[in-house]
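Read through the structure below, which is laid out as structure tokens, and then see the notes.
The values are calculated or read from the model by the stated rules, or taken from the named source; none is laboratory data. The structure presented is a predicted model; accordingly, all values stated were derived computationally and were not measured. A quick note on method: Cβ atoms are made from the backbone with ideal geometry, for glycine too, and the neighbour counts reach across all protein chains shown. For accessibility, only protein heavy atoms count, side chains too; no ligands or nucleic acids. Shrake-Rupley method; radii C 1.70, N 1.55, O 1.52, S 1.80 Å.
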Amino acid sequence: MPIINVHLWEGRTVEQKRQLAAKFTEVIVEVGAVPVDSVIVTFSDYAKSDWAEGGYLASDKLRISK
């Protein structure tokens, strides 16, 4: 049973997640040769202030790079 965990910054719509889940599932079924019903996709949404890269919060990094 493949499980795909997708970590995103918050702001994606339900429709975008629906499309992502369908595409990820399609690829895993095709390449991994598994039944479609066995694929699980989870989404974790994060505020940019809950995500850091290179020692900077993403919310701060956006201001720094501008």
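For TRP51, the amide hydrogen comes within under 5 Å of the amide hydrogens of ALA58, SER59, counting only partners 5 or more places away or on other chains and with H modelled in the peptide plane. Ordering LEU20, SER49, ALA33 by Cα displacement along the dipole of the chain toward the positive end leaves SER49 in first place; charges were set at the Cβ atoms of Lys, Arg (+1) and Asp, Glu (-1). For the stretch 24-29, 3J(HN,Hα) computed residue by residue from phi via the Karplus equation (6.51, -1.76, 1.60; θ = phi - 60°) reads 4, 4, 4, 5, 5, 5 Hz, glycine and proline entered as x.
Derived scalar couplings between HN and Hα for the stretch 39-51 equal 8, 10, 10, 10, 10, 10, 9, 10, 5, 4, 7, 9, 9 Hz in order, rounded to whole Hz, by the Karplus curve 6.51 cos²θ - 1.76 cosθ + 1.60 (θ = phi - 60°), x for Gly and Pro. Close amide H contacts of ILE4 (hydrogens built in the peptide plane, cut-off under 5 Å, sequence separation of 5 or more or a different chain): ILE40, VAL41, THR42.
For a straight C-alpha distance cut-off of 17 angstrom, the lysines reachable from LYS61 (same-chain residues fewer than eight places away being disregarded) are LYS48.
Protein heavy-atom accessible surface, 1.4 Å probe, per residue over the chain: 77 Å².
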